[in-house]
Amino acid sequence: MAQIASIIILGILAQYTAWKVKVPAILPLILIGLFVGPLSVYWNEGEVWMKPIFDAASNEGLFPGQSLFYFVSLSIGIILFEGGLTLKRSEIREVGPSIVKLISLGSIVTFVLAGVAAHYIMGLPLSISFLFSALIIVTGPTVIAPILQNVPLNKSVSTVLKWEGILIDPIGATAAVLMYEFIQSSGGSMEFTSHAFKEFLSIILVGSALGTFSALFLRY
């Protein structure tokens, strides 16, 4: 309980600091997270101050089992839902094509070039390289929104960045999941076998059908 209370207090402190010094809140949040996490091992006898994953042997940590995964998933869902509520269709009358290109062509370019760079520059396996490139497609509303609140920008530019930051999240997450499933289907490699193709295609078809049915159900 002390660790959970500390996280809440530190989060409030980060927000207050950001407000006082006029910087995006994400900056003090990152610095505090590093300070109480990985950096704390240097002056805390090799142990981090706050362990997110519960260790039954030492009876330390906040989230036992898969609890951290569920907590993070719920938090991301809330962030995306809240961000989606700020979007207004009237905002994109003039900049709609730019947003579509960013979240479609921009995603493809980022995926391909980042994957190639990770493979040939960093020397990573193809499977890890393209899984990494799928992950970094996302810019994220938690990063873009605080910056837009503190940096004066042209209204059109601000609108494009806000919409792209929110819409790119589910696209990047979907790309990462599909890439991971393809790697799993091909036995941990990038070999395009018939078995891998069938498994991959079945995942896409079933997921698309369930997603379409759920969207229609919510609509009606």
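Taking the criterion of being over 24 Å from the mean Cα position of the chain (by Cα) and open to solvent by less than 90 Å² (accessible area, probe 1.4 Å), the residues of the stretch 7-36 that qualify are T17, V21. Taking the criterion of being open to solvent by 60 Å² or more (accessible area, probe 1.4 Å), at pLDDT 85 or above and either touching a Phe, Trp or Tyr at 6+ places or on another chain (Cβ under 7 Å) or assigned to a loop (DSSP other than H, G, I, E, B) (or both), the residues of the stretch 125-171 that qualify are P125, I136.
Would you mind finding the one in S208, S202 that is at pLDDT 85 or above, surrounded by fewer than 13 Cβ atoms within 10 Å (Cβ to Cβ) and hydroxyl-bearing (S, T, Y)?
Working: S202 fails: at pLDDT 85 or above.
The match here is S208.
Here E82 passes the criteria (1) at pLDDT 75 or above; (2) in a helix (DSSP H, G or I); (3) open to solvent by 70 Å² or more (accessible area, probe 1.4 Å) except the one numbered (1).
The values are calculated or read from the model by the stated rules, or taken from the named source; none is laboratory data. Since the structure is predicted, the reported quantities are computational estimates derived from the model, not experimental observations. Counting neighbours? That spans all protein chains shown, and the Cβs are built from the backbone with ideal geometry, glycine included. Quick note on the areas: whole protein, heavy atoms, side chains included, nothing else; ligands and nucleic acids left out. Shrake-Rupley method; radii C 1.70, N 1.55, O 1.52, S 1.80 Å.
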